[in-house]
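Shown next, in structure tokens, is the structure this report addresses.
Please treat every number below as a calculation from the coordinates, not as lab data. Worth saying up front: this structure is predicted, and the values here are computed from it rather than measured. FYI the Cβ positions are ideal-geometry reconstructions off the backbone, even for glycines, and counts take in every protein chain you see.
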Protein chains: 2
Amino acid sequence: MAELFKGKDVADSITQEFAARAEALRSKGIKPCLAMLRLGEDEADLSYERNAVKRCEKVGIEVAHFNLPLDADKDAVLNAVKEINNDKNIHACLMFRPFKDKELENEAGRLLDFKKDVDCMTPESLMSVFLGRGQSFAPCTAQACMEILDFYGVELTGKNVCVIGRSPVVGKPVSMLLQNKNATVTMCHTKTKDMAGIASKADVLVVAAGHANTVTKEFVNPNQLVIDVGINYVDGQLCGDVDFANVEPIVKAITPVPGGVGAVTTSVLAKHVILAAEAALDS
Amino acid sequence: MAELFKGKDVADSITQEFAARAEALRSKGIKPCLAMLRLGEDEADLSYERNAVKRCEKVGIEVAHFNLPLDADKDAVLNAVKEINNDKNIHACLMFRPFKDKELENEAGRLLDFKKDVDCMTPESLMSVFLGRGQSFAPCTAQACMEILDFYGVELTGKNVCVIGRSPVVGKPVSMLLQNKNATVTMCHTKTKDMAGIASKADVLVVAAGHANTVTKEFVNPNQLVIDVGINYVDGQLCGDVDFANVEPIVKAITPVPGGVGAVTTSVLAKHVILAAEAALDS
């Protein structure tokens, strides 16, 4: 039976540390503040927003809501970003992605001040993640995987890691974050041949495929640590990308879904907000 | 005995195609022009510059030289970049890297108009390579590897590729370019354990380690294609990162050094200049 890498324990630890640092900022007259820019009322966005707001309250972060209609025109969106950039009392910005208009999403990402970019939308942030410069913030979900591995004391240097999925918000950035920690990373995707063969040799398996039951028992081994990033609904039931019932008895450790990576994401967001506020104070 | 993937044949093919496209541009009154920004007189820079100028002549590209002293101050460098950005008759810019002052190099890279960025210095360009958006130009050497594989008809979809080296100008970008072509890429580096074991299972091996004899016969297999990006001098003799004498008899194909990747780089540069000039005409 596998050890469960519990997201709540990781999130609690991050929350505790950064609540203390938020308090320290307030004692210097700084109120950490996150802007949330949302277009429309997508249920998944609203659900994430509720969780993020709750986490921000726990840490001691104020939230400034920028809610626009789903069909808001370009000027309205870009003006909101400019307002966020120019407001010294706002330290960070989360935009709910994807936008309906991909081109506008890219333009908003380019416009955002990268120092306030806590979810890696700007070219500068992506470049830093890609080159391992650590001057900016990785996407919260990709970083959540790293926080879990760090919390449970997993040393990555020299480890063989298989990442399944190559999305711009999880698969690609987490591959680079893992490499930055000196892991040897193999990046698998839908065109990969013999994915089970490749995955089953890895020390750590990070699954961000976006489909339930992508990873079956043929993908794993008894010494393996499995990080399941998936969020799927099958018959109304929340599940990850891993066939948990058949994989969990085999591997050494695994993140459950729910209660794994998803439980850590908002605490990473809060951490990034505090780091951005601290950096603004120092600059 | 391995097939030799000859850089000259690849370079000739690119040169021929893009000389015709340069001619077409001139017939529309556009003279393709590349700015070269160089600080100091480093011998390797001068040697590359001579080769690049020759290639530009063959393709029909004018070169504007911006030569500054090695200790040029920040304003002088950034003003040169601004001049390049603002001059409509300049379509592209190559900066010789690394600068002595890394911070200034980064600042110059951020300032450069990414549409003129033919060697992937700007955050926008790096983001495009990382995300596979193809809106900008990859680093010339990384792209040269891709041109060789393309010229010799290597289909990459589903292939297992091992990349050795994780530099920002070769290893990392070429890993993403290969993934964008649907290869399954494993990124190896100095902290990788059992690199020979990993490399020897790959269909394609790209070596950008920066050290002679990194790849020995234990790293290869008889069906393997080897792309050697290395440029080293051992006892006054130019050689790659591969122990050619012992590896060549085993593998299916290999790029020689000299006469491999290095021979293609300037033709990729010229190609990028023409593409930038064409894009400027269309915009």
Quiz item: What's the average, rounded to a whole number, of partner chain beta-carbon atoms within 10 Å of each residue's beta-carbon in B:191-201?
Solution: 3
Quiz item: Hey, for A:E57 with labels 7 Å out along Cα-Cβ, what do the inter-copy distances come to in nm, ordered shortest first?
Solution: 7.4
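Quote the relative contact order of region B:140-263 in percent (integer), defining contacts as alpha-carbon pairs under 8 Å separated by 6+ residues.
Details: 259 pairs, mean separation 27.6, N = 124.
Relative contact order comes out at 22 percent.
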Quiz item: Tell me, which longest segment in chain B has none of the GluC sites (Glu not before Pro) that fall in DSSP loops with at most 12 further Cβ atoms within 10 Å?
Solution: B:156-283
Quiz item: Taking Cα centroids, how far is region B:211-264 from region B:68-124 in Å?
Solution: 33
Quiz item: Taking the Cα atoms only, what angle lies between the long axis of helix A:74-86 and the longest principal axis of chain A, rounded to 10 degrees?
Solution: 80
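Rounded to the nearest 0.05, what FRET efficiency do B:D71 and A:K100 have when you use their Cβ-Cβ distance and R0 = 51 Å? Display every interim value, and only then the final one.
Details: r = 51 Å, r/R0 = 1.01.
Efficiency, rounded to the nearest 0.05: 0.50.
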Quiz item: How large is ³J(HN,Hα), in whole Hz, for each residue of region B:249-255 in order, when computed from phi with the Karplus curve 6.51 cos²θ - 1.76 cosθ + 1.60 and θ = phi - 60°, using x for Gly and Pro?
Solution: x, 8, 7, 7, 8, 7, 8
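In µm²/s, what is D for the protein assembly as shown at 10 °C and 1.306 mPa s, where D = kT/(6 pi eta Rh) by Stokes-Einstein and Rh is the Kirkwood radius from Cα pairs?
Working: Rh = 25.2 Å.
The Stokes-Einstein estimate is 63 µm²/s.
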Self-check item: Label point 7 Å beyond Cα along the C-beta direction, distances from B:S283 to other copies (nm, shortest first)
Solution: 2.6
Quiz item: For chain B, modelled as a Gaussian network with Cα springs under 10 Å, which listed residue fluctuates most, B:T184, B:T141, B:T122?
Solution: B:T184
Self-check item: Summed residue charge, Cβ within 15 Å of A:L281's Cβ, Lys/Arg positive, Asp/Glu negative
Solution: +4
Practice problem: Could you work out how far apart the two model spin labels at A:V234 and A:K28 are, taking each label as a point 7 Å from the Cα in the direction of the beta carbon, and quote it in nm? | Solution: 4.9
Quiz item: When the Karplus curve 6.51 cos²θ - 1.76 cosθ + 1.60 is applied with θ = phi - 60°, which whole-Hz ³J(HN,Hα) does each residue of region B:266-272 get, with x for Gly and Pro?
Solution: 5, 6, 5, 4, 4, 4, 4
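Mean residue ellipticity at 222 nm from the helices of chain B, using -39,500 (n - 2.57) per DSSP H segment of n ≥ 4 over the full residue count, to the nearest 500 deg cm²/dmol?
Numbers: 10 runs with 122 residues, N = 283.
So the helix-based figure for chain B works out to -13500 deg cm²/dmol.
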Self-check item: trypsin sites (Lys or Arg not before Pro), loop per DSSP, at most 10 other Cβ atoms within 10 Å - longest free stretch of chain A
Solution: A:89-283
Quiz prompt | Listed residue pairs exceeding 31 Å between alpha carbons, taken from A:K8/A:K172; B:K82/B:K191; A:K159/B:K74; B:K54/B:K201; A:K102/A:K191 | solution = B:K82/B:K191; A:K159/B:K74; B:K54/B:K201
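In peptide B:118-127, what is the residue-averaged number of other protein chain Cβ atoms found within 10 Å of each Cβ? Write down the numbers at each step before the final one.
On the way: counts 0, 0, 0, 0, 3, 11, 6, 2, 7, 12.
That average works out to 4.
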Quiz item: For label points placed 7 Å from Cα toward Cβ, what is the shortest-first list of nm distances from A:A20 to its copies?
Solution: 6.9
Quiz prompt | From phi via Karplus (6.51, -1.76, 1.60), per-residue ³J(HN,Hα) for region B:225-242 in Hz, x at Gly/Pro | solution = 9, 10, 10, 9, 8, x, 9, 10, 10, 10, 6, x, 9, 6, 8, x, 8, 9
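Dipole magnitude of chain A about its Cα centre, charges +1 at Lys/Arg Cβ and -1 at Asp/Glu Cβ only, in debye to the nearest 20?
On the way: 31 positive and 38 negative charges, 129 e Å.
In debye, rounded to 20, chain A gives about 620.
Just tell me how shielded B:177-190 is by partners: mean number of partner chain Cβ atoms within 10 Å of each residue's Cβ, no decimals.
On the way: counts 0, 1, 8, 1, 1, 5, 4, 11, 8, 9, 10, 4, 6, 2.
Partner-chain Cβ atoms within 10 Å, mean over residues of B:177-190: 5.
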Self-check item: Estimated inter-spin distance, A:Q16 and B:D42, nm [label 7 Å along Cα→Cβ]
Solution: 4.9
